[in-house]
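Read the figures in this text as sums done on the coordinates, not as results from a lab. Note that the structure is predicted; figures quoted are calculated from it, not measured. Here the Cβ is made from the backbone with ideal geometry for all residues, glycine too, and neighbour counts use every protein chain on show.
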Amino acid sequence: MKRDLGHITGKEYDLLIIGGGMYGSTLVWEAVSRGLSVALIEKEDFASATSGNSLKIIHGGLRYLQSLDFKRMLESIRERKILLKIAPHLVHPLPCLMPTFGMTMKSKHVMLAGMIMNDLISFNRNKGSDPQKRIPNGRVISKQECEKQLPVLKENFFTGAALWNDAQAYNTERLVLSFVMSAAQRGADVFNYVEVTDFLKNGSKVTGVKAKDNLTGQEYEIKAKMIVTTAGPWTNKLTTVLSGHSADNKFILSKAINLILKRKIARDYAFGISSPIEFRNGKKYDRQKRRLLFVTPWRDYTVVGTSHLPYDGETNDFKISENDVQDLLMELNEIMPEINLERKDVTFVHGGVLPLSRQPEEGKDVQLLPHYRIVDFHKETGIDGIISVVGVKYTTARDVAEKTMDLVTKRTAADSMAFSTRTEPIYGGAIEDFQSFINGAINNNDTGLPEPVFRQLLYNYGQEYKKIIDLIREKPERAERVAKTTNVIKAEIIHAARNEFAQKLSDVVLRRTELGSGECPGDDGLRSCADILASELDWDEHRIRSEIEEVKAKYRYRPL
């Protein structure tokens with residue numbers, strides 16, 4: 001599939017979606033599955049902003065037991081099951097531990113009751129599931145068993161741990177891309193690097209947008225019967241462009257930070273640990289509420305987070321500072337002194353911007369927006385033809401897309417077909433039994449690829465791995481690794497450019513492959529990858545060097 005904007009003008013879509021993160025990608029898949037003509041535009045690359053900042057956990061909503069929010073809990077349980085089903089190569093069960101303490105709400109007895117309630121509420125979570133996707137019952141384990149699984153907690157004053165299973169995304173960026181690719185294969189027009197500059201109006205009705213191709217500078221008009229923005233932290237800016245003045249009810253934003261560590265703190269289990277203090281600019285602030293940080297094993301790395309801090313700057317100016325990183329490291333070493341983390345252990349920093357429920361008070365924890373919002377501008381401002389979606393949870397994006405499309409079809413009276421996004425596999429996900437798929441593919445591997453290389457193809461591409469193999473059969477040298485330190489091969493780079501809308505080196509290094517999602521692949525890896533893309537996309541030497549420098553900058557801090 002090639003990125004071709006030539007036919008975007010001169011037609012009117014049923015729906016135009018602005019924003020290509022998790023919410024935009026699930027919405028375009030939902031819309032095209034219902035038979036609508038739909039276009040998706042994203043000003044950077046798909047999943048390049050907040051959706052690229054994640055602990056990789058697909059939550060089943062256990063946390064909602066504390067507030068007795070059973071509705072959200074049931075939604076999360078259902079959506080976790082759906083993602084395990086429709087993207088079996090990308091989403092897998094993950095065992096989690098939460099240490100227990102004393103006789104408080106974190107005691108063994110209270111946590112055991114929580115595990116039992118969680119299992120009762122999710123009683124049908126394994127019905128019809130692939131055996132590899134089953135979520136076992138939760139339980140409470142002893143202090144000795146917890147120490148065996150998590151030696152880093154040995155010196156802490158805990159009594160044991162609650163053990164339950166959630167799920168984890170092997171590759172969150174490819175999960176977003178898989179929804180986009182599924183929609184494109186079904187007939188949706190999807191474009192990265194296309195930015196809205198203004199809205200087209202007929203009186204009080206929005207009829208489309210003016211947009212600019214950020215790669216060529218060319219401008220377009222895109223017409224649509226209805227527009228939905230899923231622009232995340234850019235919602236405030238789009239609202240200002242739409243109304244001509246700054247919105248009175250702007251979303252208050254927070255800075256979210258996750259650290260990627262080149263250390264295996266916990267090999268098989270994710271675990272949560274409470275922090276009684278917060279560090280800001282090297283100063284301690286007493287906290288009335290303890291912050292929960294999660295430590296998650298992921299591939300050859302550990303992901304730690306999420307740290308939330310107030311953010312009142314412009315979205316386009318967002319970046320993670322060195323102080324932000326040092327403060328989080330200091331906090332982790334305070335609550336787990338055994339790990340003795342150093343700055344060199346941090347190989348990548350993921351940063352994003354999320355909406356808050358209210359302006360935070362000095363020295364107190366930020367409170368994220370508890371629920372997604374679907375804003376119908378017709379009701380809010382009298383402006384017709386546009387809806388805004390602001391999401392807060394990665395896991396339930398597909399469910400929000402479903403609800404959004406119910407509103408779109410109601411507002412437009414559009415003809416809508418029966419839809420199946422709850423059950424239909426997305427790009428690469430047509431796999432009934434994941435372990436049988438893995439075993440069968442590896443046993444029949446006649447490509448000469450080493451098993452670790454072949455295995456990562458199966459996990460990243462699912463059934464689509466066969467397209468990578470086809471490229472190798474055409475030219476066997478495409479089976480070579482991009483660099484000695486990676487299992488990513490040259491055929492993946494070619495596939496990304498030819499079939500998955502990759503336009504820049506960062507698209508491939510950070511989002512189409514796992515080459516640089518954990519750490520910078522180094523000069524050799526970047527140059528090798530850039531040379532392949534230069535051949536595919538007709539780059540000159542100046543463009544190659546520019547692309548390499550741009551990617552390197554992303555490892556110094558993570559800008560949006």
Please state, to two decimals, what the Cα-based radius of gyration of the stretch 91-240 comes to when divided by 2.2 N^0.38 Å (N = residues).
1.67
Positive-end residue of Leu15, Leu5, His92, charge dipole of the chain with Cβ unit charges
His92
Note, the stretch 516-527: 3J(HN,Hα) by Karplus (6.51, -1.76, 1.60, θ = phi - 60°), whole Hz, Gly/Pro = x, goes x, 6, x, 6, 5, x, x, 4, 5, x, 5, 5
Among the listed pairs Lys11/Lys56; Lys210/Lys467; Lys127/Lys148; Lys11/Lys410, which are separated by more than 27 Å between their Cα atoms?
Lys11/Lys56; Lys210/Lys467; Lys127/Lys148
What residue among Gln168, Tyr394, Tyr64 has its Cα farthest toward the positive end of the dipole of the chain, where the charges are +1 on Lys, Arg and -1 on Asp, Glu, each on the Cβ?
Tyr64
For Asp523 and Leu537, compute 0.36 nm times the residue count separating them, minus their Cα-Cα distance, and round to one decimal in nm.
3.0 nm
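For the stretch 408-560, give the magnitude of the charge dipole about the Cα centre (Cβ charges: +1 Lys/Arg, -1 Asp/Glu; no others), in debye to the nearest 20.
About 480 debye.
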With the charge dipole of the chain built from beta-carbon charges (+1 for Lys and Arg, -1 for Asp and Glu) about the Cα centre, the Cα from Thr486, Asn118, Gly208 projecting farthest to the positive end belongs to Asn118
Would you mind working out the magnitude of the charge dipole of the chain relative to its Cα centre, with +1 at each Lys and Arg C-beta and -1 at each Asp and Glu C-beta, to the nearest 20 Debye?
1480
Taking H placed 1.01 Å from N in the peptide plane, check which residues at least 5 places from Asp166 or on another chain put their amide H under 5 Å from its amide H.
Leu94, Cys96
Interchain or long-range residues, amide H under 5 Å from Leu40's placed H
Ile17, Asp189, Val190, Phe191
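In deg cm²/dmol and to the nearest 500, what is the mean residue ellipticity at 222 nm of the chain if only DSSP H runs of at least 4 residues count, each as -39500 (n - 2.57), divided by the residue total?
Helices in the chain give a 222 nm mean residue ellipticity of -10000 deg cm²/dmol.
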Among rounded, prolate and oblate, which fits the chain when a ≥ b ≥ c are the square roots of the eigenvalues of its C-alpha gyration tensor, a/c under 1.5 means rounded, and a/b larger than b/c means prolate?
rounded
Within the stretch 519-560, whose backbone N sits under 16 Å from a point 7 Å along Cα→Cβ of Glu480?
524-536
Listed by chain and number, the residues whose amide H is under 5 Å from that of Thr395, excluding neighbours fewer than 5 places away on the same chain and using placed H, are His59
Simple Cβ-charge dipole of the stretch 434-492, Lys/Arg +1 and Asp/Glu -1, about Cα centre, in debye nearest 20
120
Label-zone membership for the stretch 512-545, site Lys467, 7 angstrom Cα→C-beta point, backbone N under 15 Å
512-513
Note, ³J(HN,Hα) from phi for the stretch 499-507, Karplus 6.51, -1.76, 1.60, rounded to Hz, x at Gly and Pro:
10, 10, 6, 5, 10, 9, 4, 4, 4
Count charges around Pro88 for me, please; just the other residues with Cβ under 9 Å from its Cβ, Lys/Arg as +1, Asp/Glu as -1.
-1
Roughly how many nanometres apart are two label points built 7 Å out from the Cα toward the Cβ at Lys201 and Glu451?
6.4
